[in-house]
């Protein structure tokens, strides 16, 4: 059966909880790798990358959602 376009396709990234969850999950992976496998300065650098991941990833994903909405209109 063919689908109709009556209901617009929902983008999961439109939900802020999903965007922030992706940022936190990426940061969690970085923190775990840094804690278990690295030491010294390299560990601190990875912790800094995790902090940036938590802050920047949701903002970039929000911009992509806004651009998609602008392209659809």
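General observations
- For the range 14-26, the criterion of being within 21 Å of residue 71 (Cβ to Cβ), without any contact (Cβ under 8 Å) to a residue 12 or more places away in the chain and not in a helix (DSSP H, G or I) is satisfied by at least one residue.
- Residue selected from the range 30-41 under the condition in contact with a helix residue (DSSP H, G or I) (Cβ under 8 Å, 6 or more places away or on another chain) and in a helix (DSSP H, G or I), by the criterion surrounded by the fewest Cβ atoms within 10 Å (Cβ to Cβ): 35
- Screening the candidates 61, 44 for the property of being surrounded by 14 or more Cβ atoms within 10 Å (Cβ to Cβ), part of a helix (DSSP H, G or I) and modelled with pLDDT of 95 or more yields one hit, 61.
The values are calculated or read from the model by the stated rules, or taken from the named source; none is laboratory data. Quick caveat: nothing in here was measured; it's all calculated off a predicted structure. Because the Cβ atoms are built from the backbone with ideal geometry, glycine has one as well, and the counts that use them run over all protein chains shown.
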